[in-house]
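Contents: one structure, followed by commentary.
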Amino acid sequence: MTTSASRQGGQARTRLARAAIAGAARTLFLERGYAATTIGAISDACDVPLATVYRLFSSKLGILKALLDVSIAGDDEDVPLPDRPHVRALLADPDPRAQLAGFAGISSGIMARTEPVYRILLSAADSDPDAAALLAEQTRHRQQGQARIARSLARAGALRPELRERDAADIIHALMSPEVYRLLTVDRRWPPARYQQWLTGILIGQLLPPEERTPT
């Protein structure tokens, strides 16, 4: 076996081990709670040696962070969401309505994937200062990403005339929040498609001027 092939085989085994650890942790976190789940229990559940779990993730919080990162991105590729081609393409879209519809779709997908993991993080943050810091960090990243949408609309002159960029960013942050998603899809049992349609309409209605109507 060549050195390159050996390296690729090692990388594949590492990815499989990481996926097994993350999957076992997710199940245990949801069943037992974050605080009651130990690294040893995760190791036993996925049949990965304890030393390997620590080597790959360093801590229980590291596993939770990895779960959240993969849920947000939809994969384990080492490319931040704001730098992904489809996000960059939407930020450059000259049609503000299409731009907001696209971001509503991205947000809906992220929320659907992250909702269970976000609940784990919220629960962990109640008793774990490091988890609370991770929650604050994730909220800050979300704010920064959503502020880019407001900035793009403001630079294009697409916002309502009376709406400042900062206010637009606040509106986006509120409407695209995990709390609103949970309220509508979990508490009120909206299908994700209905939530996405609502989010698209409310973003357009709140941020953009009304479309001009041709006189009849």
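The values are calculated or read from the model by the stated rules, or taken from the named source; none is laboratory data. Nothing here was measured: the structure is a model prediction, and the numbers come from that model. Heads up, the Cβs are rebuilt from the backbone with ideal geometry, glycines too, and the neighbour counts pull from every protein chain shown. The protein model used for the area step is the full one, side chains on, heavy atoms only, and it has no ligands, DNA or RNA in it. Shrake-Rupley method; radii C 1.70, N 1.55, O 1.52, S 1.80 Å.
Checked against (1) within 14 Å of R148 (Cβ to Cβ); (2) open to solvent by less than 40 Å² (accessible area, probe 1.4 Å), C46 meets all criteria but (1).
In the range 104-153, the qualifying residues are those that are of a type in the set (D, E, K, R) and not in a helix (DSSP H, G or I), and the one that is most open to solvent (accessible area, probe 1.4 Å) is D126. Just one of the listed residues (G9, G33) is surrounded by fewer than 18 Cβ atoms within 10 Å (Cβ to Cβ) and either in contact with a helix residue (DSSP H, G or I) (Cβ under 9 Å, 6 or more places away or on another chain) or at pLDDT 95 or above (or both), namely G33. Figure legend. Inter-residue proximity from the range 79-100: first residues open to solvent by 40 Å² or more (accessible area, probe 1.4 Å), second residues among the aliphatic types (A, V, I, L, M) and not in a helix (DSSP H, G or I), beta-carbon distance below 8 Å, spacing 6+ or different chains. Indicated pairs: P94/A156; R97/L208. Pick out the one residue from A147, A156, A168 that is farther than 15 Å from I110 by Cα and touching a residue at least 40 places away in the same chain (Cβ under 8 Å). A156 is the lone residue from the list that is farther than 15 Å from I110 by Cα and touching a residue at least 40 places away in the same chain (Cβ under 8 Å). Residue pairs whose Cβ atoms lie under 8 Å apart, sitting 6 or more positions apart in sequence or on different chains, and linking a residue in the range 26-51 that is closer than 21 Å to R13 by Cα and small (G, A, S) to a partner that is in a loop (DSSP other than H, G, I, E, B) and open to solvent by 70 Å² or more (accessible area, probe 1.4 Å), are S43/P49.
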